[in-house]
Amino acid sequence: MSTNRTFTMIKPDAVKNGHIGAILEKITAAGFKIVAMKYTQLSLRDAQEFYGVHSERPFFGELVEFMTSGTIVAAILEKENAVEDFRALIGATNPADAAEGTIRKMFATSIGENAVHGSDSDENAAIEGSFHFSGREIY
Ligand code: GDP
């Protein structure tokens, strides 16, 4: 069942490079409604748990180090077909492969430091959203 919600993070590279405003502008201009949002920083334990599915991948250490290296913006977004449409808006994992006009093409610097996260399924959107937000933080 589609929940019409997805979860995103503006990652530490994009925050450090001053792109929070521009990325939120792209997200809202594309028709997504922000139903929860916070400015925060992941602890080591948070990042290891959030990216647990990647724990056997060779880049896991780098990923955790990067994602804990600075502050992030976490948000739950609502729109019809949210997961798929948001993946299209952010573009391919590697910005070198991302289509023109996508968020990663515009703001990411490398496959690791790729500016934004977007859930890859409705199921993961729900898990990731509740990792960061309690029910009373979602509007
Ligand atoms: P996504 O769904 O497009 O975010 O991509 P994945 O689920 O495959 O990977 C999760 C995250 O791990 C990516 O967004 C990157 O930040 C990071 N990542 C993926 N591949 C690599 C890699 O080869 N090297 C590094 N350093 N990080 C990677």
Which pairs have Cβ atoms under 9 Å, sit 6 or more apart or on different chains, and link a residue in region 83-108 that is modelled with pLDDT of 95 or more and basic (Lys, Arg) to one that is more than 11 Å from the ligand (Cβ to nearest atom) and part of a loop (DSSP other than H, G, I, E, B)? LYS105/ALA99
Region 31-48, residues that are aromatic (Phe, Trp, Tyr) and not in a strand (DSSP E or B): PHE32
Helices (runs of 4 or more DSSP H) fully within region 59-139 counting 1 or more residues that are away from the ligand (no atom under 11 Å from the Cβ) and over 12 Å from the mean Cα position of the chain (by Cα): 82-90, 103-107, 122-132
Among the numbered conditions (1) within 16 Å of the ligand (Cβ to nearest atom); (2) under 27 Å from ASN4 (Cβ atoms); (3) in a loop (DSSP other than H, G, I, E, B), tell me where VAL53 comes up short. (3)
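The values are calculated or read from the model by the stated rules, or taken from the named source; none is laboratory data. Being a predicted model, the structure only gives us computed values, none of them experimental. So basically every Cβ, Gly included, is an ideal-geometry build from the backbone, and we count neighbours across all protein chains shown.
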